[in-house]
Each structure stands twice: as structure tokens, then as C-alpha cells.
Amino acid sequence: MKTFKKIMYVVDPTRNHQKGLGRVADGAKHLSAQLLLYASMPLPKLSSSDTQALRQAELERLRLWLDWIAKPARDAGVQVTTEAEIAEDWSTAIAPAARRWGAEMIVKVMNQQTALRRRLAKTSDWTLLRTSDCPILFIKEDSPKTPRNLIAAVDLLDKSPNNLQFMQEVIRHARGICEVSGAELHVVNAYPNLLHGVDAMDLARFAEIQRSRAHAGPGTPEDMLLGVAKTLDGPVIVIGSSDKRSLAGSLLGDTAERILDKVAMDVLVIIAPREERAAKAA
């Protein structure tokens, strides 16, 4: 079973209420996991002859504020660490901070974006998907409910050992969450046409689930995920992000980005190993 023992929550320094933080703290307590509250922000645009003094003052203010946010979780018995950082580009600072701390999962509130902005701009979500080494849980809901269903998306058309190993990793993460939360696991596999298809029984065997919870059919991964999600109560979506191109003609990483703005539920993105992505880019 895959569980997370070091969870990093990205705090938004522009908001007092941190969406889903209570749920994340409850999960960390249940897993006996450590929780890092991380916040980064640039220096204020003020004229100052002593930039270093201003930096230290802002860091101290941010640290005190993080300790205030951390207090309820600490009072509940969660082991909470805080880290404040001054960085001009806060989105590029998240992944290095996670590596320094040894995070096994990053939790970030998903910023709703238009399709045009997702396509043309390097949003914070875009940056994190391309720089993180560990899974990322993008939070959409503030509900304290434990998810009753998980939907994992896989691609079994690519029979290469690296891809099948990565798909097993996606399933392993999804099953680990199900075992902890009591949720039911569903698995989907979209394919481009009947000439390049995946049999639902093969999908069920691969994921070690009942046939009724294996969903295979023609279409795009995001359309299949949305279709299955509409039939289930409060699901969390689990999807892999890789630089490889599938036979369906869509990048898995792009699928993760497209699905973020189309669903109202949380999305857990499993990141392909960095060495694999580097080799594919070479």
C-alpha cells in the first residue's frame, strides 16, 4: 500500500482561509504523517535603501503568520513544520522547497483559469506539473468529506516497460488512498478508435478490480474521466503526468492540465520519474 508520510501544503499568503487545509491536516494525522506549511512571496514593491532589512522583516511576518495557521493542526496532534521564503517567482520556488524537505506529496489549491490562459501562459499549476518530483494533489473542494470513490486514468495502449511500470505506479497510489479512506477504485482507459482499443476485462485484470469498475472506450481521457465522474458520488481523480505522447494523440501532462478546469473535484497527479522524462526529452 502506498501512503504519504511527508505532505507539503502550499499556503496562499494572499488569503486568510486556506481551502482544504483542515482536511489535509486530518489526513496527515490519520496517516501519522508530517505536514509542512510552505509559503513564498516576493518583496513588496517599496522604495527602500535597506533591502536586506525589509527581507528579514517580511520573512519574520510570514513565519509568525504560518505559525498561527499551523496552531489548530498542532493542537490536534499533527507534527507541523513551517517554511517561509522570499522569492520573486513563487511558483518556481515550490518544487525546490519540496525537494529540500523530502516531500512525498504536494497539496496546492487549484487556481481556476480560462482555456486560453492555460494555453498561452505559464500558470503556477503549469509550472508545478513540470518541476515537481512527487505527486501533486490539486484541491478544488473545501468539503471535509472523505472521498467515496477514486477514478484512476491509465494508458495500456503503450506496452513499453517504462509506461506499464508508470501505470502500475498510478494504480498503486490510487489503491493506497482507497485502502486508507475506504473509497472504491474505478479505472478508465480511453482509446482513439476500435482499431486501437483496450478490453475492459484486460483493464480490470491490470488494476485488480471488478469488471464493473473498469471503464474502457473510445474518446479523449478527459471526456471519459468526466463521464465516469458524473455517475459517482464525490470522486477524486488520479491521473499520471508524463512527457510521452500516447496513441490517443494527447500528452498525458496536457490531459492533467485540461482536466483541472473541467471538474469540480480534487485531482491527484502522479508525476513520471524525472530521469524518464529527461531521457524522452533528449
Virtual spin-label span in nm between residue 210 and residue 262, 7 Å along Cα→Cβ: 2.8
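Taking every pair of alpha-carbon atoms in segment 70-223, give the share separated by more than 27 Å as a whole percent. Can you show the working numbers first?
Working: 4630 of 11781 pairs.
Result: 39 percent of Cα pairs exceed 27 Å.
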Cα gyration tensor, segment 128-207 - rounded (a/c under 1.5), prolate or oblate: prolate
Computed [θ] at 222 nm, deg cm²/dmol, the chain (DSSP H ≥ 4; -39,500 (n - 2.57); rounded to nearest 500): -13000 deg cm²/dmol
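Sort 156-163, 16-23, 174-181 for me by packing, meaning the mean count of neighbouring Cβ atoms within 10 Å per residue, highest on top. Walk me through the numbers before you get to the answer.
Values: 156-163: 14.0, 16-23: 15.9, 174-181: 19.1.
Averaged packing, sorted descending, gives the order 174-181, 16-23, 156-163.
Percentage of Cα-Cα pair distances in the chain greater than 31 Å, rounded to whole percent?
Working: 11462 of 39621 pairs.
More than 31 Å apart: 29 percent of the Cα pairs in the chain.
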Average accessible area per residue (Å²) across the chain - probe 1.4 Å, nucleic acids and ligands excluded: 49
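The values are calculated or read from the model by the stated rules, or taken from the named source; none is laboratory data. As the structure is a prediction and not an experimental result, all values here were calculated from the model. Using ideal geometry, Cβ is built from the backbone for each residue, glycine included, and neighbour counts are taken over all protein chains shown. Just so you know, the surface numbers come from the protein's heavy atoms only, side chains and all, with ligands and any DNA or RNA stripped out. Shrake-Rupley method; radii C 1.70, N 1.55, O 1.52, S 1.80 Å.
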